[in-house]
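The values are calculated or read from the model by the stated rules, or taken from the named source; none is laboratory data. All figures in this text were calculated on a predicted structure; none of them were measured in a lab. Neighbour counts are summed over all protein chains in view; Cβ atoms, including those assigned to glycine, are modelled from backbone coordinates with ideal geometry. When the accessible area is computed, the model is the full protein with side chains, heavy atoms only, and any ligands, DNA or RNA have been set aside. Shrake-Rupley method; radii C 1.70, N 1.55, O 1.52, S 1.80 Å.
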Amino acid sequence: MPAAPRDLRFPSIEGLRAFEAAARLGSFERAADELAITASAVGKRLATLEELLGTPLLTRSGKALALTAAGKEYLEQVRSALGLLAAMPLHQRTVQRIERLRVTAPPTFARQILVPRLESFTRAHPQIELELLLSIPYLDRSPHDCDVEVWAAGGRAPERIGRPLLDDRVLPVAAPALLAKLPPLQRPADLGAAPLLRTPLEPWTPWFRAAGLDWPEPTGGPRLIDLGLTLEAAVSGQGIALARPSLARAWLETGTLQPLFAITSPAANPYFLSPTDVQGAAAAFADWLRAVCAEAEAWAAEWLSGLG
């Protein structure tokens, strides 16, 4: 009599690849990076595979993964099967190698300088997969495993400081709606009767001195620990902000924010780029970013010169 047909249960190729990568690399996160999926997706594919087989293949102790006895035996079979499939010419095609690049930047710089122009970088470098993360300048916090970091000088160690990305200057700006409510601001001393927005990232004292005022730092009103929040507060008419034209460009060009005086002072925390000695994808990004910042700086200089 012929043998009874077997009840074959074939796992998905995606599940086998997830299992092999997680076993080889020792974590769902590293496997996810290699397979260009999320760590959660790796875990789900492995769980589906284990459910199909009816036995656990990997155990997790903290963040580390370990093979079970069944997992060790199955891994050799999976590697052999994947190797046979990979060796078939029909499964092979020439692909462009993807370079991953992690960049961190302060929030306002990222939103006003980087992101609006980012398409030009991705179009020029389609082989680079860029991941943009935000840092917290005031707390001096940024991800440790980034490839390139844009940072505001602040209290950083002097040995880290190289050439600034932007030669920024600041001046007072306000929303037209707020100016309509205030007495005419014809000279810097008239600011004494106006609400001044405060942020430790851009103190008023240097500008006061440039304007010939011996006033102390303002003490009234909320203290905003972000340049972007300060600009947003100015846009909504809550007070007068010290602004860098390069960061407030969109609002200045539309008249949403208006300059009050032509007097300027240097920005308190200029932006820098680290590391300075870079190669590959990081070098391509650094060159592109310097060109972007040079354009922003040139626009700001021309705009300031038009104030008279």
Legend entry - Solvent exposure, largest accessible area first (probe 1.4 Å, DNA, RNA and ligands not counted), of TRP204, TRP299: TRP299, TRP204
Legend entry - Sites ALA64 and ILE98, calculated FRET efficiency, Cβ-Cβ separation with R0 35 Å, nearest 0.05: 0.85
Inset, instruction - Apply 1/(1 + (r/R0)^6) to the Cβ-Cβ distance of LYS181 and LEU133, taking R0 = 35 Å, and write down the FRET efficiency to the nearest 0.05. - result: 0.30
Legend entry - Among ALA211, ALA241, ALA69, residue whose mean-square fluctuation peaks in a GNM of the chain (springs only between Cα atoms under 10 Å): ALA69
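Applying 1/(1 + (r/R0)^6) with R0 = 51 Å to the Cβ-Cβ distance of ARG117 and LEU53, what FRET efficiency is obtained, to the nearest 0.05?
Efficiency, from the Cβ-Cβ distance: 0.55.
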Inset, instruction - Please find, in a Gaussian network model of the chain (springs between Cα atoms separated by less than 10 Å), the residue of ALA193, ALA267, ALA281 whose mean-square fluctuation is greatest. - result: ALA193
Legend entry - Cα-projected label distance for ALA262 with ARG24, points at 7 Å along beta-carbon direction, nm: 6.6
Inset, instruction - Using a 1.4 angstrom probe on heavy atoms only, work out the carbon and sulfur share of the accessible area of region 14-115 in %. - result: 54
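So what is the accessible area of region 16-91 per residue, in Å², with the probe set to 1.4 Å? If you can, show how the numbers build up before the last one.
Working: 4550 Å² over 76 residues.
On a per-residue basis, region 16-91 sits at 60 Å².
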Legend entry - HIS91 versus ALA39: modelled label distance in nm, points set 7 Å from Cα along the beta carbon direction: 2.9
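How would region 166-266 be classified by its alpha-carbon gyration tensor: rounded, prolate or oblate, with rounded meaning a/c under 1.5 and the a/b versus b/c comparison settling the rest?
Values: a/c = 1.22, a/b = 1.07, b/c = 1.14.
Note, shape of region 166-266 comes out rounded.
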Inset, instruction - Please label the shape of region 41-124 as rounded, prolate or oblate, based on the square roots a ≥ b ≥ c of the eigenvalues of the alpha-carbon gyration tensor (a/c under 1.5 means rounded; beyond that, a/b larger than b/c means prolate, else oblate). - result: oblate
Legend entry - Linear extension gain, ALA250 paired with LEU82, 0.36 nm per residue minus alpha-carbon span: 55.2 nm
Inset, instruction - Could you tell me which label, among (1) 207; (2) 168; (3) 180, carries the value of volume of the Cα convex hull per residue in Å³ calculated for this structure? - result: (1)
Legend entry - Length released on extending from ARG209 to GLU232, taking residue separation times 0.36 nm less the Cα-Cα span: 5.7 nm
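Pairs of Cα atoms under 8 Å, at least six residues apart: use those to get the relative contact order of the chain, whole percent. Numbers along the way, then the final one.
Values: 426 pairs, mean separation 56.9, N = 308.
Computed value for the chain: 18 percent relative contact order.
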Legend entry - Approximate spin-label separation ALA189-LEU304, in nm, with each point projected 7 Å along Cα-to-Cβ: 2.6
Inset, instruction - With springs connecting C-alpha atoms under 10 Å apart, model the chain as a Gaussian network and identify which of GLN238, GLN127, GLN186 has the largest mean-square fluctuation. - result: GLN186
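Roll a 1.4 Å probe over the protein chains and send me the accessible area per residue for region 162-238 in Å².
Values: 3830 Å² over 77 residues.
Result: 50 Å² per residue.
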Legend entry - Amide H contacts under 5 Å for ARG198, placed H, 5+ residues apart: LEU224
